[in-house]
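The values are calculated or read from the model by the stated rules, or taken from the named source; none is laboratory data. Every value quoted in this text rests on a predicted model; they were computed, and no experiment measured them. Note: ideal-geometry Cβ built from the backbone for every residue, glycine included; neighbour counts use all protein chains shown.
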């Protein structure tokens with residue numbers, strides 16, 4: 001199951017505070033934290049991962065398409081993608097920077 005939270009436009013100070021809270025939540029829930037980004041216009045066709053992911057956009061934007069439904073995430077927005085969940089990614093014109101948590105699933 002996946003969940004998404006789209007924030008209202010945060011001020012920069014609020015975003016930083018929420019990023020700290022987001023990272024603390026990831027640690028509490030057993031996620032390993034990564035920082036990354038993708039280039040403007042990059043497209044990753046439909047795929048799935050072997051891990052649960054929880055991502056917070058910290059700059060730019062990305063559109064995830066799941067079950068044929070696109071949803072765009074901007075700075076301050078967060079989203080969860082469950083292991084095995086099919087999705088595609090399309091990065092916005094400014095690229096995207098993010099904080100991501102990965103957590104192995106029980107097999």
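Given the criteria in contact with a strand residue (DSSP E or B) (Cβ under 6 Å, 6 or more places away or on another chain), part of a loop (DSSP other than H, G, I, E, B), surrounded by fewer than 18 Cβ atoms within 10 Å (Cβ to Cβ) and touching a residue at least 12 places away in the same chain (Cβ under 8 Å), does residue 88 qualify? Here the answer is no, as residue 88 does not meet what is asked. Suppose the filter is in a loop (DSSP other than H, G, I, E, B) and modelled with pLDDT of 90 or more; does residue 49 pass it? For residue 49, the condition - in a loop (DSSP other than H, G, I, E, B) and modelled with pLDDT of 90 or more - is met. Residue 23 meets all of the listed conditions (1) part of a strand (DSSP E or B); (2) modelled with pLDDT of 95 or more but one, namely (1). No other residue among 58, 33, 62 is surrounded by 15 or more Cβ atoms within 10 Å (Cβ to Cβ), assigned to a strand (DSSP E or B), modelled with pLDDT of 95 or more and touching a helix residue (DSSP H, G or I) at 6+ places or on another chain (Cβ under 7 Å) apart from 58.
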